[in-house]
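Every number here is computed from the coordinates shown, using simple stated rules; none is lab data. What you see is a predicted model, and the numbers here were worked out from it, not measured in a lab. Heads up, the Cβs are rebuilt from the backbone with ideal geometry, glycines too, and the neighbour counts pull from every protein chain shown.
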Amino acid sequence: MLRAPLDSSAITAALSRYWRVSVVDLTASTQSDLVALVHQESAHAGDVIVAEYQSAGRGRLSRSFDAPKSTALLFSFYIKPQRTNDDWGWIPLIAGVSVAQTLSHFDAQVKWPNDILIRDKKVSGLIAEVVGDGIVVGIGINIAMTPSELPVSTATSLFIEGATNMTRNELLPNLLNLFERNFRDWDRGSDEIMDTYRQMSATIGREVQVHYPDGRIERDTAASISGNGELILANGAHVQAGDVLHLR
């Protein structure tokens, strides 16, 4: 069941009316496809593209994301927040919390900024790009990969974690509907999701090593998350972007 084909009708039937899903068999990248549609003014808030396979999937910092056909849930969606742009740093964190909540049966946690972990191994990652007056969020979840199909030893999949009877056709609408509720509450001014994120964080309280985009490396304890979604270190530094390694 984990590798069951994507079924547009089954997915749509379980979704709220906010979402419109397009299922494709093959694409280079759902993220690139949806970003292009936004630039062409052909996309609307709530549009989703999900693929059986993508040949040039994109992650953070221009990294690639690849998975054998039908072994991962690979999708992108477009939203238009009403809150001030200064708050948009919370969008990827809200998406991460929504993934972790959807995978709560596996005790999933969020790792700042854009990873979801099970037993300290990465099961999901995401990317968020500001495009025009909205944001395109891309998410990849390792569903049915066997150990030999995983890209690195620090990753895992729902299959490896014991899942047997779930399908992507159930997981996708559950996740999107949950994200919609979290996003709408936040967009109306509620900051409750911030507390939820901190509670589900695998990073806060850990000793971390931050690799900044400019090449700097800093080691300290992760203390909290700011109101703008930045990682706050014990020394008071606010990390806006970078790779974070959990040291212990």
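Numbers below:
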{"read-out": "Gyration tensor (Cα) of the chain, equivalent ellipsoid semi-axes in angstrom", "value": "27, 22, 17"}
{"read-out": "Stokes-Einstein D in µm²/s, Kirkwood radius over Cα pairs - the stretch 204-246 at 37 °C with 0.692 mPa s viscosity", "value": "325 µm²/s"}
{"read-out": "Surrounding net charge for Phe183, when Lys and Arg each add one and Asp and Glu each subtract one, Cβ distance under 11 Å", "value": "+2"}
{"read-out": "Average Cα contact separation per residue, the stretch 8-199, under 8 Å, 6 or more apart, as relative contact order %", "value": "22 percent"}
{"read-out": "Residues whose placed amide H lies under 5 Å from that of Ser201, excluding near-sequence neighbours", "value": "Val110"}
{"read-out": "Principal axis dimensions, largest first and in whole angstrom, of the stretch 43-156 by Cα", "value": "43, 29, 25"}
{"read-out": "Cα-based shape type of the stretch 1-53, given that a ≥ b ≥ c are square roots of the gyration tensor eigenvalues and the cut on a/c is 1.5", "value": "oblate"}
